[in-house]
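Notes for the one structure printed next.
The values are calculated or read from the model by the stated rules, or taken from the named source; none is laboratory data. Predicted, not measured: the structure shown is a model, and the values here were computed from it. Quick reminder, even Gly has a Cβ in these numbers, built from the backbone with ideal geometry, and neighbours come from all protein chains shown.
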Amino acid sequence: MKRIAALALMALMTTWFTAAQAATTIRIGHIRATNHPSHMAVLKFKELVETNSKGRIEVKIYPNSQLGDPKQMFALMQTGDLEMVYGGINTFAWIKGGEAYEITSIPFLFKDYDHMRRSLQSDFFKPIQEAAEKSTGIKVVNINGDTAPRGLTTRDKPVVKADDFKGLKIRTAASPVSLRAMQTLGAMPQQIPLSELYMSLKTGVVDAQENGAIVVQSSSLYEVQKYYTRTDYIRDIETFYMAVDKWNQLSAADKDVIFKATEEAGSFETALTQKQLAEVYDFLKTKMTVLDADLPSIQTRLEGIFNDYEGVKWPTGLLAKIKNIQNK
């Protein structure tokens with residue numbers, strides 16, 4: 001009897017060990033706080049992948065810049081030390097080989113989320129994506145997940161029109177497009193990790209920052225800023241990235257599980273974001289002075305300043321194709 005029990009235990013342990021060996025672990029990082037819709041989307045992704053893979057895949061989540069900023073996490077994917085990132089499509093331009101995606105940061109280019117997503121998933125964008133994936137070793141699994149368009153917060157003075165930007169110490173994304181836009185407006189842009197932004201604003205390292213309203217709420221930036229100006233000047237889409245080598249190692253079935261999970265999780269974030277935006281603006285009005293920007297003055301100042309990027313950072317004619325989609 002004891003021998004039978006021992007053999008049964010050995011068989012059980014062998015089965016467990018084999019299953020453990022067969023299981024795939026996917027580590028996914030992002031920069032958002034744990035109360036942000038992006039984190040909720042990654043939690044949904046984890047739930048869907050683990051359930052629908054029937055335990056073949058385990059997902060471990062690293063939120064709130066635990067693994068660094070987007071550029072650092074891309075580097076971890078390239079060295080095989082991280083499998084996935086959930087972050088803005090804007091950030092793909094921050095690494096060598098992804099420069100064409102600078103076009104996604106052009107102020108006022110995209111009318112809304114639908115226009116931006118249709119542009120990035122269009123036939124004319126496919127060769128750009130394929131070239132970027134080959135050059136960087138990072139696969140764009142799915143571009144899906146609306147984020148609040150970027151607005152502006154300031155500490156000491158309201159910024160509404162183009163001239164108000166002069167001399168403003170502002171934290172911006174690490175994007176040549178964002179930097180050039182702010183410099184053209186007369187501001188002094190600086191790069192600070194999102195995880196350090198609150199203290200930088202509180203201590204006066206910078207006086208302003210540009211992020212969506214949901215980030216202003218979720219990161220409590222309203223505690224150290226007096227004014228929020230609705231510019232909605234740059235849009236972004238959260239994107240599921242995976243190391244190409246890791247993607248290629250997956251079975252067709254597991255690729256299907258992951259892609260379907262990104263589609264559902266990204267759509268989940270989109271719904272959350274769109275639902276929360278009105279509520280967030282109402283909340284911020286109780287904590288800050290919320291202003292509407294003088295958009296014509298800002299748009300006029302920025303008009304044509306990226307024309308020299310055509311044929312350099314992105315293919316000639318790409319801007320026109322994106323604008324043509326908007327007009328359809």
With the requirement that a residue be in a helix (DSSP H, G or I), touching a residue at least 24 places away in the same chain (Cβ under 8 Å) and hydrophobic (A, V, I, L, M, F, W, C), what does the stretch 272-299 give you? 272, 277, 280, 283, 284, 295, 298
Picking from 269, 238, which residue would you name as being in a strand (DSSP E or B), buried (at least 17 other Cβ atoms within 10 Å of the Cβ) and acidic (Asp, Glu)? 238
On the given criteria, is residue 213 outside the structural domain of residue 39 (by TED's automatic domain parsing), touching a helix residue (DSSP H, G or I) at 6+ places or on another chain (Cβ under 6 Å) and not polar (S, T, N, Q)? yes
Test residue 322 against the criterion of being closer than 25 Å to residue 187 by Cα and assigned by TED's automatic domain parsing to the domain that holds residue 159, and give yes or no. no
Of all residues in the stretch 80-129 being within 17 Å of residue 313 (Cβ to Cβ) and among the acidic types (Asp, Glu), which is surrounded by the most Cβ atoms within 10 Å (Cβ to Cβ)? 102
Just the residues that are of a type in the set (Ser, Thr, Tyr) and exposed (fewer than 15 other Cβ atoms within 10 Å of the Cβ), please, taken from the stretch 298-328. 300, 316
Among strands (runs of 3 or more DSSP E) entirely inside the stretch 31-146, those with 3 or more residues being free of Cβ contacts under 8 Å to residues at least 60 places away in the same chain are 57-62
Failed item, numbered, when residue 173 is tested on (1) within 16 Å of the chain's Cα centre (by Cα); (2) surrounded by fewer than 16 Cβ atoms within 10 Å (Cβ to Cβ): (2)
When you scan the stretch 208-224, do you find a residue that is hydroxyl-bearing (Ser, Thr, Tyr) and under 28 Å from residue 134 (Cβ atoms), even just one? no
What are the pairs with Cβ atoms under 9 angstrom where one residue, in the stretch 160-180, is outside any helix (DSSP H, G or I) and the other, located anywhere, is crowded, with 18+ Cβ neighbours inside 10 Å and basic (Lys, Arg)? Sequence gap at least six, or different chains. 173/150
